[in-house]
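The numbers here are math on the coordinates, done by the rules we state, and not lab data. This is a predicted model, so every value here is computed, not measured. Every residue, glycine as well, gets a Cβ built from its backbone with ideal geometry; the counts of neighbours run over all protein chains shown.
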Number of protein chains: 2
Amino acid sequence: MATGRRISIGLPTIRRLPMYVAILEQARQASQERISSPQIAELLGFEAIQVRKDLAAVGVSGQPRVGFPVVELLQAIERFLGWDNVSDAFVIGAGHLGVALAGYDGFAGHGLKILALFDRDPAKVGTPVHGKEIFDIERLGELAQRLGVRIAILTVPDEAAAEVAGLAVQAGIEAIWNFTGTKLTVPEGVIVERMDLAASLAVLSSRLAAERARGRGRA
Amino acid sequence: MATGRRISIGLPTIRRLPMYVAILEQARQASQERISSPQIAELLGFEAIQVRKDLAAVGVSGQPRVGFPVVELLQAIERFLGWDNVSDAFVIGAGHLGVALAGYDGFAGHGLKILALFDRDPAKVGTPVHGKEIFDIERLGELAQRLGVRIAILTVPDEAAAEVAGLAVQAGIEAIWNFTGTKLTVPEGVIVERMDLAASLAVLSSRLAAERARGRGRA
DNA sequence: TAGATTGTTAATCGATTAACAATC
DNA sequence: TAGATTGTTAATCGATTAACAATC
């Protein structure tokens, strides 16, 4: 029942919250009113105690023997994540990845709405994709101001990332979701979150390499 | 100098290794022969002690007062990650994201080569993208066998993920790079690595939400 | 030599897991 | 009531950071 927004909540917990959201949405769809930590743990493949710890962090209490209220819990997590109201965003870099993200409809449920794309290439400018306009990057500041956009999704080539991030900051962007492989340096107060393809691939391929090293033979 | 492949190396370390690779490649390009942990730390924005710990984990020694040998270190990390020889992969799901990944040329340097795509939609089958054929998913087993492909990059809609992952496992796929929002259950021995868009977005948007909650006013 | 850097050993920190009393 | 589940407090585990002797 408590709503206290805790000062600090661990990053691992925050990264797990979307999984709870997915589970809880399923439960709501099935008109399930309450769900217990062992149930959630079973569905996600981890331990009940971890579920309870995570849920405690967002400040919703359960009821012994019954579990947690599905709708209330869902709302609390979405509120915590800021997924309860929509934030507008621009995609900068209308390459394959940028276009793919602009067309992804899963963001709608996560409080993210992509309004438009930006690119430097005149051949792309003016040709809408997924019903969204592609503007010249020159117009980033003007349009960010006019539309009050504070989030940029950065999908330019690695070499251009630092420069374009600078433009974004100048344009008043407050948060950059960085899909490039480049580490960005930004003024204090600007949020950068890296979507790290290479890190994920490293985990996959190192495991594969380890397995290969272990299991010789077996033609 | 030592090459000992340590039994267990922490996941956080593995996820940082690609950053070292990027830095080291730059250094090599600049014909720099040695690089010190403070130098690397400066470039990546973390502490020298962490760099030394990470590098120790892959088993290359530095020289006091001089630093680490750039080329040797680079090779050691790439060998550890399995990025030193190419693994073939299929993209399953020729939607926007799948096509974007198939066209991404950054994988070449990371030991990953996408040979072809698969989709269920007859309209997509037979129309190559980025010079790569799109096959009917029915042919996954046959082609995986014939070409010896062991990695699948899963970019189908969430609802189809579980079923298609099952097909992939049946086809002899050993490692799945999962770009869907669905948690996959696979037989023991099959590697699944999740590329978690939602987790990353959660970190970004929760920080934004926290900032918004803190800094009222300031029109 | 003097001094910067490595690598080891210890201390700190945070996250996960365990144990269990409180609750309905 | 009996028993399942919560939430708290403690224990464990692993990762990061600090301190410092060894090295060239």
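Miscellaneous remarks
- Net +/- balance of residues flanking residue A:22 in space, Cβ distance below 10 Å, scoring K and R +1, D and E -1: -1
- Using θ = phi - 60° and Karplus 6.51 cos²θ - 1.76 cosθ + 1.60, couplings along the range A:108-115 (whole Hz; Gly, Pro as x): 3, x, 10, x, 10, 10, 8, 8
- Förster-model FRET efficiency, 41 Å R0, residue B:127 and residue B:65, C-beta, rounded to 0.05: 0.10
- If R0 equals 35 Å, the separation of the Cβ atoms of residue A:120 and residue B:28 corresponds to a calculated FRET efficiency of about 0.75.
- Relative contact order (%) - criterion: Cα under 8 Å, at least six apart; region: chain B: 13 percent
- With semi-axes defined as the square roots of five times the eigenvalues of the C-alpha gyration tensor, the equivalent ellipsoid of the range A:114-173 measures 17, 15, 10 Å, largest first.
- Loop-located trypsin sites (Lys or Arg not before Pro) in the range B:52-160 whose Cβ has at most 12 other Cβ within 10 Å (DSSP): B:65
- With all projection directions averaged, the alpha carbon convex hull of chain A covers 17.1 nm².
- Amide H contacts of residue A:35 (H built 1.01 Å from N, in plane; Pro and chain starts excluded): A:68, A:70 sit under 5 Å, all sequence-distant by 5 or more or on other chains.
- Eigenvalues of the alpha-carbon gyration tensor of the protein assembly as shown, scaled by 5 and square-rooted, set the equivalent ellipsoid semi-axes at 33, 29, 26 angstrom, largest first.
- In Hz, Karplus ³J(HN,Hα) per residue of the range B:60-68 (6.51, -1.76, 1.60; θ = phi - 60°; x = Gly, Pro): 10, 9, x, 10, x, 6, 10, x, 9
- Take each residue in A:93-102, count the other chain C-beta atoms within 10 Å of its C-beta, and the mean is 4.
- Helix A:48-58 vs. chain A, principal-axis angle (Cα, 0 to 90°, nearest 10): 60 degrees
- Residue by residue, the range A:27-38 carries 3J(HN,Hα) couplings of 4, 5, 4, 8, 6, 7, 8, 10, 9, 9, 5, x Hz when phi is fed to the Karplus relation 6.51 cos²θ - 1.76 cosθ + 1.60 (θ = phi - 60°); x denotes Gly or Pro.
- Centroid-to-centroid separation of the range A:93-137 and the range B:29-81 [C-alpha atoms, Å]: 38 Å
- Dipole of the range A:91-204 [Lys/Arg +1, Asp/Glu -1 at C-beta], most positive-end residue of A:186, A:114, A:96: A:114
- Taking every alpha-carbon pair under 8 Å whose residues sit at least 6 apart, the range A:136-219 reaches a relative contact order of 24 percent.
- Among B:27, B:168, B:199, the largest mean-square fluctuation in a Gaussian network model of chain B (Cα springs under 10 Å) belongs to B:199.
- Amide H within-cut-off set for residue B:114, under 5 Å, with H built and near neighbours excluded: B:89
- Nearest-ten-degree value, helix B:70-81 long axis tilted from longest Cα axis of chain B: 40 degrees
- Amide H contacts under 5 Å for residue B:194: B:178, restricted to partners 5 or more places along the chain or on a different chain, H placed in the peptide plane at 1.01 Å from N.
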